1. Please tell me if A:Ala181 is within 14 Å of another protein chain (Cβ to nearest Cβ) and either at pLDDT below 95 or touching a Leu at 6+ places or on another chain (Cβ under 9 Å) (or both).
2. Kindly list, by first and then second residue, each pair from a residue in the range A:249-274 that is at pLDDT 95 or above to a residue that is part of a helix (DSSP H, G or I), limited to pairs with Cβ atoms under 6 Å and residues at least 6 apart or on different chains.
3. Hey, B:Asn4 hits all of (1) surrounded by fewer than 22 Cβ atoms within 10 Å (Cβ to Cβ); (2) over 26 Å from A:Glu178 (Cβ atoms); (3) at pLDDT 95 or above; (4) within 14 Å of chain A (Cβ to nearest Cβ) but one; which does it fall short on?
4. Pairs please, first residue from the range B:246-267 and within 21 Å of A:Gly46 (Cα to Cα) and modelled with pLDDT of 95 or more, second anywhere and in a loop (DSSP other than H, G, I, E, B) and among the β-branched types (Val, Ile, Thr), Cβ atoms under 8 Å, 6+ apart in sequence or on different chains.
5. Quick one: would you say B:Asp93 is acidic (Asp, Glu) and not in a helix (DSSP H, G or I)?
6. Filter the range A:189-211 down to the residues that are buried (at least 24 other Cβ atoms within 10 Å of the Cβ) and under 30 Å from B:Asp267 (Cα atoms), then identify the one that is farthest from the other protein chains (Cβ to nearest Cβ).
7. In this structure, is A:Leu21 modelled with pLDDT of 95 or more, aliphatic (A, V, I, L, M) and farther than 18 Å from A:Cys206 by Cα?
8. Looking only at the range B:165-200, how many residues end up being within 30 Å of B:Pro6 (Cβ to Cβ) and assigned to a helix (DSSP H, G or I)?
Amino acid sequence: MKIALAQVSPRLGELKQNLNLHLHFIEKAKKKKAGLVVFPELSLTGYTLMDMVQEAGLNPAKDAIFAALKKLSREIDIVLGFVEEKEKGIFFNSAAYLSGGKILHVHRKVFLPTHGMFEEAKFFAQGKNFRSFPTRYGRTGLMICRDFLSYGASYLLFADGADLIIVISAAPGRGMSEEKAFETSRMWELMGEAISFFSTSFVLYCNRVGFEDGKVFAGGSFVYNPLGKLLVKASAVDEELVVVDLDLEEIRSSRKKWPYKRDDKPEVILQALARIIRGYED
Amino acid sequence: MKINAPFVEKVLCAFIREELSRFHFKKGIVGLSGGLDSSVCASLAAKALGPKNVLGMILPCGDNCSEDVKDARRVARRLGLRSQVVDISPMVDAYFSRYPTQDRIRIGNKMSRERMSILYDFSAKEKALILGTSNKTELLIGYGTIHGDMACAINPLGDLYKTQIRDLAVHLGLPQKILKKRPTAGLWPGQTDEEEIGLTYAEIDQVLFLLVDERKAKEDVIAAGFAKESVEKILTLVKNSEFKRKMPPIAKISSRTVGHDFLYPYDRNR
């Protein structure tokens, strides 16, 4: 089954222009016979929104842009990022999975980086859940950028039966060395490799490219198979559509070889976590 | 401190191209001094935008035939840029004939701001954005004239230390003469940055790298083998120049204030 990662560079706060960017890449993905196309974090709005969060927020159930995308999802599944006004005046950094003309799931970013160059918690409300949901590829879980760097979050999707973990990202590159990439790019691949192998799931990571206020979004979108093998990796700088064929049978074969899933003990983890939390000191 | 020069070139060229296109500009302007930073910036701009879309402004004060002017012309010719020489001495002399001074810093700053003023006028005249050439070393120690050479529309070089810019220049194939030139702000004849600051760029860059990039404490940097006086001097320069790296503070008295809680990105709606 073919899937596509649309490593694009949206324009800040220009929703109509970004919708056209989506339509263009959806068309390209369809031509390549992909059944799913994934866009990066906040693909509909751009990342460094600051106060524009309040202007870019939309309700996917009622919004015209979403109506257009939902219609297209009858032909191809779509994952995208947007600002969601879930309740009046409350804005989330969200990801939606659209399929068959409907919204199958909305994930609201839980880990909002707010340190150094990041200030998401200043502008966004915090999501409170990770869950997997059925798609035509199997059970699927969504994460947004920093969510994926918390390995506990990946565990929750694993425990919830995910066969496919989709991470949408707007990760700026930083740190230089003699390597032909930013130092931080390795961090995402490291997690991708480890999580795909130990959860015996596919990991799809779609990062964006382009620049906002001097930040360099470092692309490098990738797919790992359930045995931790890198299937494809996009460039660090260029806008591109990466298409790759997923052999869904590998989910089964990897779990026959490595029974991490069979042997998982969520109840032990839950009890231990409860004990740890009870032990918190004020 | 090591960089992968081809990767850095690719990223910075993409930055120049994308920022300009977001603001619907095709052309860039670089003030060419004949030194390392402006030559590197012009070289990146030529690769990013095409040489004919880059205007190299050569802005000497009086001596139109100095070695620096010749070097700047050579760089422009080598890169295939359009270039323009504007002598700033009539403007600078007119001012100081009225308000005479022997203060070399005042004269140097005035020259720097005169160049800025001309770059901005040509920016409007040519519909071209000014590409800044202040490097990370200068920005951190405050070795630049506020509203002078620090002024620009975008700065591709601001996150590269001077020594890293030299590595990039080698990769870009700039002439040996430019690579070996002793850095100067051109504040007065014979002036060199390192003599004026009292430290070498090699030393400043290594100390700054530890303090800033590696977030080391002063004591750790001294323990790593750098002279206490040098480290303290560099720290003082960094602390005393914060005002050059920030927009001026606005007294906040309303419920929503520019810079405080009216917060939009530079690339708003771009």
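The values are calculated or read from the model by the stated rules, or taken from the named source; none is laboratory data. Values in this document were obtained by computation on a predicted structure and should not be read as measured data. Methodologically, a virtual Cβ is constructed for each residue, glycine included, from the backbone with ideal geometry; neighbour enumeration extends over all protein chains shown.
1. On the way: within 14 Å of another protein chain (Cβ to nearest Cβ): yes; either at pLDDT below 95 or touching a Leu at 6+ places or on another chain (Cβ under 9 Å) (or both): yes.
Yes: the conditions hold for A:Ala181.
2. Taking only residues 6 or more apart or on different chains, the pairs are A:Tyr260/A:Phe198; A:Lys261/A:Arg255; A:Pro266/A:Ala159.
3. So B:Asn4 meets the others, but not (2).
4. Partner pairs satisfying both residue conditions: B:Pro265/A:Thr48.
5. Working: acidic (Asp, Glu): yes; not in a helix (DSSP H, G or I): no.
No, not satisfied.
6. Here the answer is A:Leu204.
7. Details: modelled with pLDDT of 95 or more: yes; aliphatic (A, V, I, L, M): yes; farther than 18 Å from A:Cys206 by Cα: no.
For A:Leu21, the condition - modelled with pLDDT of 95 or more, aliphatic (A, V, I, L, M) and farther than 18 Å from A:Cys206 by Cα - is not met.
8. As a first pass, look at the range B:165-200 and keep what is within 30 Å of B:Pro6 (Cβ to Cβ): B:165-185, B:193-194, B:200.
Pick out the ones that are also assigned to a helix (DSSP H, G or I) and you get B:165-172, B:176-180, B:193-194.
Residues that pass the stated criteria total 15.
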